[in-house]
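The values are calculated or read from the model by the stated rules, or taken from the named source; none is laboratory data. Please read all numbers here as calculations on a predicted model, not as lab measurements. Cβ atoms come from the backbone with ideal geometry, glycine included; neighbour counts cover every protein chain shown. Heads up: the accessible areas ignore ligands, DNA and RNA and are worked out on the full protein's heavy atoms, side chains in. Shrake-Rupley method; radii C 1.70, N 1.55, O 1.52, S 1.80 Å.
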Amino acid sequence: MRMCRFGVLVSGSGTNLQSILDDWQNGQLGAGEVAVVVSNRPRAAALERARQAGVPTAVISHRRFVDRASFELALVDKLRQQAVDWVVLAGFMRVLTPTFLRAFPGRVVNIHPGLLPAFPGLDAQTQAFDYGVKIAGCTVHLVDEGTDTGPILGQAVVEVYEDDDVERLKKRILEQEHRLYPRILRAISEGRVELEGRRARIIARE
Ligand code: GRF
């Protein structure tokens, strides 16, 4: 099977990146491989995780560009240099516009720490907790021009306990993220994701 080259965009700690790297190194990422990790922040801990795994890294700081479009075109250039097939957002804290998305049509995926379509945007876990929901979770979705509005590829649920606090809830959601994201990326790499309108179907492995 042809390999599927993932380019991972990060800004922060990179625990989701780590779960992807771990699955890849354990032979659990199917036909997926991590081709490059790109950060917009030079000090992102995620960069060190990539280096430890022997993955090429790049820093492209949004501050060095006069506008969003030139920043995004620099990202596209770097990803193309590494022949990336799919772009994986893993805690990447910049909004991507059509300038970027056009370069990878239908091939940008994100993880959101909430059960979409509820609580899009920043700090979804706190939004959910403060709203008083009884179940929370995370969502892997395709990226379109809206904020967290693209077709949903997978979700995982966690219960909110009576005596919970936001920090504990965040931790349990993050544990689910680490299981969900590599599983969906594996399905993508093996061509097991089918879209009908905005309904995505993951075909089971043989
Ligand atoms: C995660 O909560 C993810 O859902 C969100 O950003 C956070 C990234 O965490 N998009 P990490 O950098 O993977 O540890």
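Points to keep in mind about this one:
- Per residue convex hull volume, Cα atoms of the chain, in Å³: 126
- For the chain, adding -39500 (n - 2.57) for each run of n ≥ 4 DSSP H residues and dividing by the number of residues yields -10500 deg cm²/dmol at 222 nm.
- The charge dipole of the range 129-206, taken about its Cα centre with unit charges on the Cβ of Lys, Arg, Asp and Glu (plus for the first two, minus for the last two), comes to roughly 420 debye.
- Residue order by solvent-accessible surface for Thr139, Thr126 is Thr126, Thr139, largest first, with ligands and nucleic acids left out and a 1.4 Å probe.
- For the range 82-122, the residues whose backbone nitrogen is under 18 Å from a point 7 Å from the Cα of Ile135, taken along Cα to Cβ, are 112-120.
- HN-Hα J in Hz across the range 91-100 - Karplus 6.51, -1.76, 1.60, θ = phi - 60°, x for Gly and Pro: x, 8, 9, 10, 6, 9, 9, x, 3, 7
- When Arg94, Arg186 are compared by accessible area of protein heavy atoms, the largest-first order is Arg94, Arg186, using a 1.4 Å probe.
- Which of Gly146, Leu180, Ala200, positive extreme of dipole for the range 70-206 (C-beta unit charges): Ala200
- Shape of the range 17-60, Cα gyration tensor, a/c cut at 1.5: prolate
- Averaged per residue, the range 1-151 has 47 square angstrom of accessible surface, using a 1.4 angstrom probe with ligands and nucleic acids left out.
- For the chain, a crude dipole built from +1 on the beta carbon of Lys and Arg and -1 on the beta carbon of Asp and Glu, taken about the Cα centre, is about 740 debye to the nearest 20.
- For the chain, the relative contact order comes to 20 percent (Cα pairs under 8 Å, sequence separation of at least 6).
- Computed over the range 4-69: relative contact order in percent, which uses C-alpha pairs under 8 Å that are six or more apart: 35
- The chain - percent of accessible surface contributed by carbon and sulfur, probe 1.4 Å: 49
- Phi-based couplings in Hz for the range 30-43 (Karplus 6.51, -1.76, 1.60; Gly and Pro marked x): x, 8, x, 9, 8, 7, 6, 10, 10, 10, 8, 10, x, 9
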